[in-house]
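Heads up, the thing below is written out as structure tokens.
Taken together, the values in this text are just the output of simple stated rules run on the coordinates, not laboratory data. Predicted model only: the values in this text are computed from it and were never measured. Every residue, glycine among them, receives a Cβ derived from its backbone with ideal geometry; neighbour counts consider all protein chains shown.
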Amino acid sequence: MKKLLVLLLSFFLLNSPSVLADDFSDFSIEGVSIGDSLLDYMTEDEILKEIEANKNVRLTYLKEPDKYIQVTVQKDYSIYDYITVYIQNNSSNKYVVDKNEKYTIISMRGYREYSENFDACIQERDEIEEILSSMFSNSKKQESISEYRDDSSGNSIVDYVSLAFDSGASIDIYCENLEETFRNSKNLPEGLGVSLKPLEILSWLRNK
């Protein structure tokens, strides 16, 4: 339990005096918050290199696959292996003068690897969900298991618990269990993800 509390405290840094909030806009993952400028954590050159590296990682099944782009913020974090964020795709807002506005963090996810240890991942996820559900008593809990999108064999799964808010936002806490041959061939991690998704990003992901 002590380890779990450290994980949660690392995940949620409160800027609000009340823990029992109706949304997560005042929280952060390892000090990184939605609404921050990505320039607070990376140089513009680092951001542009990440954008270039990820330009072909497109959600092509979406109607607007290029509207946002994912950037990995790799630092020496205390709990998570890395954090990924979504920002507006620079190709669509290159004329924005204010760089802080241009690189505003819209959505984010902390990720911690649990390679070949799915049961431990699920246990950690369920403990986190229990605490967050009590913190966010007005949220609606939803559970689902889906096939991992890029594994056509159907042998890789993602086990989700989502906390939905009246604002349309959600917190997703999930574990990935990838088929070993597929995971090794793609050099993919598997493990625990905790993501903050405002309505803006959820609407984009649902627009297929």
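Peptide packing for 42-50, 125-133, 181-189 was compared via the average number of neighbouring C-beta atoms within 10 Å per residue; ordered from the highest value, the list is 125-133, 42-50, 181-189. Cβ-to-Cβ counts within 10 Å put Glu124, Glu200 in ascending order as Glu200, Glu124, the fewest first.
Over 20 Å between Cα atoms, which of Lys75/Lys102; Lys75/Lys197; Lys140/Lys197; Lys49/Lys75 qualify?
Distance filter (> 20 Å) returns Lys75/Lys102; Lys75/Lys197.
Rg over Rh for segment 81-190 works out to 1.04, both radii taken from alpha-carbon positions and Rh defined as the Kirkwood radius.
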